[in-house]
Amino acid sequence: MADSAIGLLRGAALFGPLAAVLVATAVRRPSERALAAMILTTAWNLLALALVNVIAVRAGWWSFSARGAVVEGVPVDLLLGWALLWGALPAHAARRLPLPLTVLALTWLDLAFMPLARPLVRLGGDWLYGEALAVALSLAPGLLLARWTVRGVFAAGRATLQAVLAGGLMLGLPVLLTGVWRQPAWLAGLGVQVLAAPLTLGLAAVREFAAAGGTPLPYDAPRRLVTSGPYAYVRNPMQVSMTASYLLLGTLDVRFLAAAGVAVAYGAGLAAWHEGEQLAGRFGGAWVAYRSAVRAWLPRLRPSPAMTEAVVHVSATCGQCAPVGRWILRHAPVALRVRPAEEHPRGLRRMTYERADGLRAEGVAALAHAASHLHLGWALAGWVLLLPGLGWFAQLCADAFGAGPRTVPSWPAERGTGQDGRAFTQPADSAGGPRRAPDRRLSGVARPVRGRSRGRGPREPWPS
């Protein structure tokens, strides 16, 4: 009798939310953005609820009387139904309701269902702690992600949550479920350091998408063709990042080699065909030119000249700053022009990076962005500095050791000379041709030019 009741409860918990989602989509067909929101919020709840339930079972907040299709003590079917109930269903059916009202309604429904779910669910005395954790980690962030996606707002928040979601589902869960993390301390530490390189590549690619107003999800793509950051080196940096991570983990567990094969097959097959068709239709000749210059899987050592052009403003009269400008020039930057901060009309107080697509960064972040115009090795170092927390700490150290903001003298933009009288010269483009016309999008200074893609370009004199 108890087994049949448990079976009925498990069936209702899975097929009830699934039927509700099907009815809601039949009544009102979701748009592409709404569909993206439904997928994302369901996936988010699946990941977060899996974590919460494992914690709850181990903490004794609740447990499940279930056999079959159970992972770490949690019924998979119950988890899927819960994710649909908190994810796809409210993302589509309740998207016009105020967010607090939706959260309260679903929380109340869950509080009512949990005690009624006996004998499937056995509640402990502190089960409300688990409920609060589920609402905080799963329900509320998932609904926020859905709202942001449908409205196309807060790209940085959408991209951040998607990065956490992808990392958790595609890397975190496999690592935990396979037990590959159970290694000697020295090997685990070495593995984390080796994995840092491909993971940094993937995170930098997500950041570039967010800067362009989009996310990695095809239904929530950027509004312009992204050719900067990692995309100046390889066309599929996220797939390369995940595949490289699987290959590295495959040295510890051969099952990850199979995952790497699946990732390559997907990226080289369905994704390449579908996304390539979409990009060709949206961007035409620009996409064709970019595709011919940048390989899909094997990164370039030097960035493509097709990358978005930029200017970095470095003080020519500051004894600590001017060597940085000379260092950048010695590495023959691609699509980057180095100009004296003294010429900038806004009166800069830090090294400043300005890109033609509107991106602007100061201090250590400016140097990190400039590094992406030099070489793959320096680019990786720069992307590490742009990681949340690390960039702030690096800027704090720079300020503490004398590289903080300072007032620099102002020069007329047309003067172009340092205090010692030596002129800043404008390097020719990669073909040795004439300089380009000014671009007013870059703070009224000359448009950045493309450096040499191989070897070293002409050196621009920099005042000592």
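The values are calculated or read from the model by the stated rules, or taken from the named source; none is laboratory data. As the structure is a prediction and not an experimental result, all values here were calculated from the model. Positions of Cβ are generated from backbone atoms using ideal geometry, with glycine treated the same way; all protein chains shown enter the neighbour counts.
Some notes on this structure:
- Looking across Arg339, Arg295, one residue alone is closer than 28 Å to Gly382 by Cα and buried (at least 20 other Cβ atoms within 10 Å of the Cβ). It is Arg339.
- Condition met for Trp148 (in contact with a Gly (Cβ under 9 Å, 6 or more places away or on another chain), aromatic (Phe, Trp, Tyr) and outside the structural domain of Pro388 (by TED's automatic domain parsing)): yes
- Some residue of the stretch 301-320 being surrounded by fewer than 23 Cβ atoms within 10 Å (Cβ to Cβ), under 30 Å from Ala244 (Cβ atoms) and without any contact (Cβ under 8 Å) to a residue 24 or more places away in the chain: no
- Residue check, Leu171 outside the structural domain of Ala34 (by TED's automatic domain parsing), in contact with a strand residue (DSSP E or B) (Cβ under 8 Å, 6 or more places away or on another chain), farther than 30 Å from Pro100 by Cα and touching a residue at least 60 places away in the same chain (Cβ under 8 Å): no
- Matching residues in the stretch 229-268 - criterion: being surrounded by fewer than 21 Cβ atoms within 10 Å (Cβ to Cβ) and among the charged types (D, E, K, R): Asp253, Arg255
- Some residue of the stretch 182-203 being crowded, with 18+ Cβ neighbours inside 10 Å, in contact (Cβ under 8 Å) with a residue 60 or more places away in the chain, closer than 19 Å to Trp44 by Cα and in contact with a Phe, Trp or Tyr (Cβ under 9 Å, 6 or more places away or on another chain): yes
- Against the list (1) surrounded by fewer than 18 Cβ atoms within 10 Å (Cβ to Cβ); (2) at pLDDT 90 or above; (3) within 30 Å of the chain's Cα centre (by Cα), the condition Pro90 fails is (1).
For every residue, the table says whether it meets (1) over 20 Å from Ala371 (Cα atoms); (2) within 14 Å of the chain's Cα centre (by Cα); (3) in contact (Cβ under 8 Å) with a residue 40 or more places away in the chain.
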{"position": "Gly229", "(1), (2), (3)": "no, yes, yes"}
{"position": "Val234", "(1), (2), (3)": "no, no, yes"}
{"position": "Leu249", "(1), (2), (3)": "yes, no, yes"}
{"position": "Arg255", "(1), (2), (3)": "yes, no, yes"}
{"position": "Val262", "(1), (2), (3)": "yes, no, no"}
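- Qualifying residue in the stretch 345-354 (condition: within 23 Å of the chain's Cα centre (by Cα), under 25 Å from Ala244 (Cα atoms) and not aromatic (Phe, Trp, Tyr)): no
- Within the stretch 152-181, considering residues that are under 19 Å from the mean Cα position of the chain (by Cα) and outside any helix (DSSP H, G or I), the one surrounded by the most Cβ atoms within 10 Å (Cβ to Cβ): Phe154
- When Thr102 is tested against (1) more than 22 Å from Arg58 (Cβ to Cβ); (2) surrounded by fewer than 20 Cβ atoms within 10 Å (Cβ to Cβ), just one condition goes unmet, and that condition is (2).
- With respect to the stated conditions, Gly191 is of a type outside the set (A, V, I, L, M, F, W, C), over 13 Å from the mean Cα position of the chain (by Cα), under 30 Å from Asn53 (Cβ atoms) and part of a helix (DSSP H, G or I).
- Among the residues listed as Leu143, Leu123, Leu137, Leu161, the single one being under 17 Å from Phe64 (Cβ atoms) and touching a residue at least 24 places away in the same chain (Cβ under 8 Å): Leu123
- Scanning the stretch 50-76 for residues that are of a type in the set (Val, Ile, Thr) and in contact (Cβ under 8 Å) with a residue 24 or more places away in the chain yields Val52, Ile55, Val71, Val74.
- The residue list Val226, Val288 contains one member that is of a type in the set (A, V, I, L, M, F, W, C), at pLDDT below 95 and crowded, with 20+ Cβ neighbours inside 10 Å, which is Val226.
- Selection from the stretch 319-374 of residues that are closer than 27 Å to Ser304 by Cβ and of a type in the set (S, T, N, Q): Thr352, Ser372
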